[in-house]
1. Have a look at R174, R166, R139, R119 and point out the one that is surrounded by fewer than 17 Cβ atoms within 10 Å (Cβ to Cβ), within 30 Å of T46 (Cα to Cα) and out of contact with any His (no Cβ under 7 Å at 6 or more places or on another chain).
2. Take the residues in the range 27-55 that are surrounded by fewer than 15 Cβ atoms within 10 Å (Cβ to Cβ), in a loop (DSSP other than H, G, I, E, B) and of a type outside the set (V, I, T); name whichever of them is modelled with the lowest pLDDT.
3. Please identify the pairs in which a residue from the range 158-180 that is under 12 Å from S192 (Cβ atoms) has its Cβ atom under 6 Å from the Cβ atom of a residue that is modelled with pLDDT of 95 or more and exposed (fewer than 14 other Cβ atoms within 10 Å of the Cβ), counting only partners at least 6 apart or on another chain.
4. Can you tell me which residues in the range 224-261 are of a type outside the set (A, V, I, L, M), in a helix (DSSP H, G or I) and either within 17 Å of A383 (Cβ to Cβ) or modelled with pLDDT of 95 or more (or both)?
5. Being in a helix (DSSP H, G or I) and either among the charged types (D, E, K, R) or in contact (Cβ under 8 Å) with a residue 60 or more places away in the chain (or both) is the filter here, so list the residues in the range 196-221 that pass it.
6. Please find, within the range 56-86, the residue that is farthest from E448 (Cα to Cα) out of those that are in a loop (DSSP other than H, G, I, E, B) and out of contact with any strand residue (DSSP E or B) (no Cβ under 9 Å at 6 or more places or on another chain).
7. Since E376 meets every condition but one in (1) of a type in the set (D, E, K, R); (2) farther than 24 Å from Q182 by Cα; (3) surrounded by 15 or more Cβ atoms within 10 Å (Cβ to Cβ), which condition does it not meet?
8. How many residues are polar (S, T, N, Q), part of a helix (DSSP H, G or I), surrounded by 16 or more Cβ atoms within 10 Å (Cβ to Cβ) and within 22 Å of the chain's Cα centre (by Cα) if we restrict to the range 409-455?
Amino acid sequence: MPKLLDVFYLLLLVVVSPWLAYKAIRTGKYRVGLWRKFWGLTPIRTGSRPCVWFHAVSVGEVLLLRPILAGFRRRWPDWEIVLSTTTNTGFEVARKTFPDLCVFYWPLDFSWAVRRALRRIRPSLVVLAELELWPNFIRLVGSEVPVVVVNGRMSPRSYRGYRRIRPLIADVFRRLCLVAVQTEEYAQRMRSLGVPPERVHVTGSVKFDGVNVGRDHPRTRELARLLALRQHPEQSELVWLVGSTQAPEEQIALDIYRRAVERFPQLRLILVPRHAERFDEVAALVEQSGLPLLRRSHLTHPDSASGSRQASGIDSASGSREASGIDSASGSRQASGANPIILLDTLGELAAAWGLADVGFVGGSLSRRGGQNMIEPAACGVAVTFGPHVWNFRDTVERLLENQAAIQVADAAELEQVTLRLLGDEAERRRLGEAARRLVLSQQGATERTLDLLHRLLASGEHKSPGEFQAA
């Protein structure tokens, strides 16, 4: 089977190589780490301690692992932890979030790459965040050490795809030693695809644990100072944050903002695209609209002693932003005629930025991408809105709507109507935000339940020591 899969992967690689080359030239994707992924050139681990290999596909999975990794360190301080990612942005965020860990790229699912990676890492346990099942990897590692899925989920689309090839994929699911999923619905799907029922457990979503509840967070305060938002009591600005966006959601937000700012002159719009390769594209979109632009990446971090930001055009003594045409002390719009659109074109700052928002829209939900994480704005007490396409977070959406803690809109027209209403109704914004924050607090605890399951697995002695691993 591994050799057949290798042939299939190679044929697939030949077919898609023109598209990969195009994306690499145009966006820079797939350039970094490709050679290492193809040959499984992970770092060589030299220690003799037991090792847990955590894998997170991209940024979202990296960030959700924060509480699990912290808990694992606390319970098993003698274990070595390594972390792999698939995407370039995930790799950068992982290195920033876990600077003390060995971070590397996940090998492509060719048998030679997997074998080499396993010989180099010599894991005693492999933990996959949410779901990242590659047949060669699962078969080769699963025959030697436990493979665990944490915070597991499976969208209806993925489930339908797996069902079509169930005879080919069932053995992969059977090799999973432990599957901790977010909901009973996901548990049923895992069982039907071949995971032994006794290995499937419902723990809830770890994402409820790994969020900042409330707005008084150091990173939020730092970002507020850097962007000169909410710096003076006399400011009456409103902040609308449109986060994790996909095309055409940025254009929709800009169109709504143009009309909204006529009613709310102090309205500030923060745009946060989902993917880093679209930062320049969205910046160009704002500039083409004729609105002034302030890019977060063009601002330096504030000096810890004085908070001065001369390089970014911000005078910390007066709070003025000459480059953007905004006087932050008075909140007045100067020569530009409008407050600049803030483009948060950095990685790993969205969670902190939600703490600045009065009203928030969670992207990927008007663009048929299945939605993005709405737990972070809910935890901050933001009045949360999102579109109809949210199947990636269906259970979270159902809980938010049942508790009247968010508003779902059908299309761009309804998004404009609801956003304008919320901007003009402080009491409704406060009610939605408080309900959302209460819901997040009530759902926490999945991390400890997951760690308890890992404890039972490790106590059973099923994991292997590094010296026993043979990736044959």
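The values are calculated or read from the model by the stated rules, or taken from the named source; none is laboratory data. Treat the numbers as computed from the prediction; the structure is a model and nothing was measured. We place every Cβ from the backbone using ideal geometry, glycine too, and count neighbours over all the protein chains shown.
1. On the way: R174 fails: within 30 Å of T46 (Cα to Cα); R166 fails: within 30 Å of T46 (Cα to Cα); R139 fails: surrounded by fewer than 17 Cβ atoms within 10 Å (Cβ to Cβ).
Answer to the check: R119.
2. G28
3. Pairs found: none.
4. Filtering the range 224-261 down to residues of a type outside the set (A, V, I, L, M) leaves 225, 230-237, 240, 243-246, 248-251, 255, 257-259.
With the extra rule that they be in a helix (DSSP H, G or I), the set shrinks to 225, 249-251, 255, 257-259.
E249, E250, Q251, D255, Y257, R258, R259 - these are the residues of the range 224-261 that are of a type outside the set (A, V, I, L, M), in a helix (DSSP H, G or I) and either within 17 Å of A383 (Cβ to Cβ) or modelled with pLDDT of 95 or more (or both).
5. Here is the first cut: in the range 196-221, the residues in a helix (DSSP H, G or I) are 197-199, 206-208, 218-221.
Those that are in a helix (DSSP H, G or I) and either among the charged types (D, E, K, R) or in contact (Cβ under 8 Å) with a residue 60 or more places away in the chain (or both): E198, R199, V206, K207, F208, R219, T220, R221.
6. The qualifying residue farthest from E448 (Cα to Cα) is D78.
7. For E376, the failing item is (2).
8. 3
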